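Note sheet for the following structure.
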Amino acid sequence: MSSRRITVRLRLTLVYGSLFFLAGVALVVVNYYVVQRTLHQPPRIVLGAPLTSHPLPPSAEEITRTVAEMKDQYRTTVMSSLVRWSLMAVAIVGVAGLAIGWIVARRVLAPLHTMTEAARRLSESTLHERIALDGPRDELRDLADTFDSMLERLDRAFDGQRRFVANASHELRTPLAINRALLQVSMTAPDLPPRIRTVGTELLAANARQERLIEGLLLLAQSERELTERRPVDLAELAEMALTSVPEADADLRSAPASGDPVLLERMIGNLLDNAVKYNDERALVVLRTLRDERGSVVTVENTGRAVPSGRVEDLFEPFRRLDRDRTGSADGAGLGLSIVRAIARAHRGSAEACPRPGGGLVVTVRLPSG
């Protein structure tokens, strides 16, 4: 078992369990040495009067040999018994020490378990929760208080972000809508000079690009937030609704149940289709597929187009990134399409990946947990 997979609780148990075993082994070695040294001391043997029942008394040599044999046999018996019972005692006490250590480690690490569970369920909708660990002021209590302080700062930051998105949605969209209306009204004048009409057309196009950029940024900020409500949906039905704006796309729609925000998921599929149409070529092939496999529900959009280097695919999911490295915007879009797709997928605990299509183009796959 690798050290990365051993839990802290098991590490602590192994440490003091091993120390306990080593102490027991050391005790056995010391006992063995002491008993062996004691038994090797020459015994004091007192010979009494010879037994009258024996015809001949044993000689001194026979007595010495008999005593030596008895001494060796006794030493062997004592040492074997000592080793056997000592090892048995060490095994029993060691197992008991491991069990006790496991229980003690569980109690000691209980605060860490509480903090781990709090971090696991942490999301934007639960930032108001706190660990509020009780107990003495020790390292674990300091860690829990630090974690609570971090949650408080995150809660304030996310609350500020929500207010910013709401305010920006109103403050930025309204002036652009007014500018567009004024330009459109001005363009209806019959005596408008051609040069002014050309400038007005360019201003309307620039205004449209700014509206798309702001709408994309706000949608990106919204999709990166934690979902507060989830509803069962079928990605095939959402894909069918998104296809109304791209009638030229081919579709192979199979049931793909999921759970989440239907508006965001439909927008995700719409962004995939818009991106496939904008960066297509004269072959103009766009294929939308939905299905369900053993790993979840899948949405795939395939399109023809220019060849995409495999090393540049991941860059396309970054905001404002395109193949030509243009970051100033264009009439085609703001460079946020795939960024929004990935943000929405991650908000639904899914993933968004892409790979180059043989012959040019891109295949983008979004995988979500099945509903």
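The values are calculated or read from the model by the stated rules, or taken from the named source; none is laboratory data. In this text, all values refer to a predicted model and were calculated from it rather than measured experimentally. Note: ideal-geometry Cβ built from the backbone for every residue, glycine included; neighbour counts use all protein chains shown. Side chains included, ligands, DNA and RNA excluded: accessible areas come from the protein's heavy atoms. Shrake-Rupley method; radii C 1.70, N 1.55, O 1.52, S 1.80 Å.
Looking at Ala206, is it over 30 Å from Ala347 (Cα atoms), part of a helix (DSSP H, G or I) and either out of contact with any Ser or Thr (no Cβ under 9 Å at 6 or more places or on another chain) or open to solvent by less than 70 Å² (accessible area, probe 1.4 Å) (or both)?
Criteria met by Ala206.
Give segment 271-304 a look and list any residue that's under 30 Å from the mean Cα position of the chain (by Cα), of a type outside the set (A, V, I, L, M) and open to solvent by less than 50 Å² (accessible area, probe 1.4 Å), or say none.
Asn271, Asn275, Thr290, Asp293, Gly296, Ser297, Thr300, Glu302
Ser330 - would you say it is exposed (fewer than 15 other Cβ atoms within 10 Å of the Cβ), at pLDDT below 85 and among the polar types (S, T, N, Q)?
yes
Each row is one residue, and each column tells you yes or no for (1) under 17 Å from Gly350 (Cα atoms); (2) part of a strand (DSSP E or B); (3) at pLDDT below 90.
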position	(1), (2), (3)
Glu240	no, no, no
Pro247	no, no, yes
Ala251	no, yes, no
Ser255	no, no, no
Leu272	yes, no, no
Asn280	no, no, yes
Ala284	no, no, yes
Gly311	no, no, yes
Leu316	no, no, yes
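Conditions (1) closer than 30 Å to Asp145 by Cα; (2) modelled with pLDDT of 75 or more, marked per residue:
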{"site": "Met70", "(1), (2)": "no, yes"}
{"site": "Tyr74", "(1), (2)": "no, no"}
{"site": "Ser81", "(1), (2)": "no, no"}
{"site": "Ser86", "(1), (2)": "no, yes"}
{"site": "Gly94", "(1), (2)": "no, yes"}
{"site": "Arg106", "(1), (2)": "yes, yes"}
{"site": "Leu112", "(1), (2)": "yes, yes"}
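Consider Arg163 carefully, then state whether it is among the basic types (Lys, Arg) and at pLDDT below 85.
On the way: among the basic types (Lys, Arg): yes; at pLDDT below 85: yes.
Taking the combined requirement at face value, the residue satisfies it.
Within segment 141-173, track down each residue that is of a type in the set (Phe, Trp, Tyr) and open to solvent by 90 Å² or more (accessible area, probe 1.4 Å).
Listed by number, the list holds a single entry, Phe164.
What are the pairs with Cβ atoms under 9 angstrom where one residue, in segment 269-298, is on the phi > 0 side of the Ramachandran plot and the other, located anywhere, is surrounded by fewer than 17 Cβ atoms within 10 Å (Cβ to Cβ) and part of a loop (DSSP other than H, G, I, E, B)? Sequence gap at least six, or different chains.
Hits for this filter: Ala284/Glu248; Gly296/Pro369; Gly296/Ser370.
Quick check on segment 221-229. Is at least one of its residues in contact with a Leu (Cβ under 9 Å, 6 or more places away or on another chain) and in a strand (DSSP E or B)?
No: segment 221-229 contains no residue that is in contact with a Leu (Cβ under 9 Å, 6 or more places away or on another chain) and in a strand (DSSP E or B).
Table: residues versus (1) open to solvent by 70 Å² or more (accessible area, probe 1.4 Å); (2) out of contact with any helix residue (DSSP H, G or I) (no Cβ under 9 Å at 6 or more places or on another chain); (3) aliphatic (A, V, I, L, M).
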| site | (1), (2), (3) |
| --- | --- |
| Ala91 | no, no, yes |
| Gly94 | no, no, no |
| Leu98 | no, no, yes |
| Trp102 | yes, no, no |
| Thr114 | no, no, no |
| Ala119 | no, no, yes |
| Arg130 | yes, no, no |
| Asp134 | yes, no, no |
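Just to verify a result, which residue in segment 70-82, among those that are of a type in the set (A, V, I, L, M, F, W, C) and open to solvent by less than 50 Å² (accessible area, probe 1.4 Å), is farthest from Phe20 (Cα to Cα)?
Val78
Do we have any residue at all in segment 222-234 that's buried (at least 17 other Cβ atoms within 10 Å of the Cβ), within 34 Å of the chain's Cα centre (by Cα) and modelled with pLDDT of 90 or more?
yes
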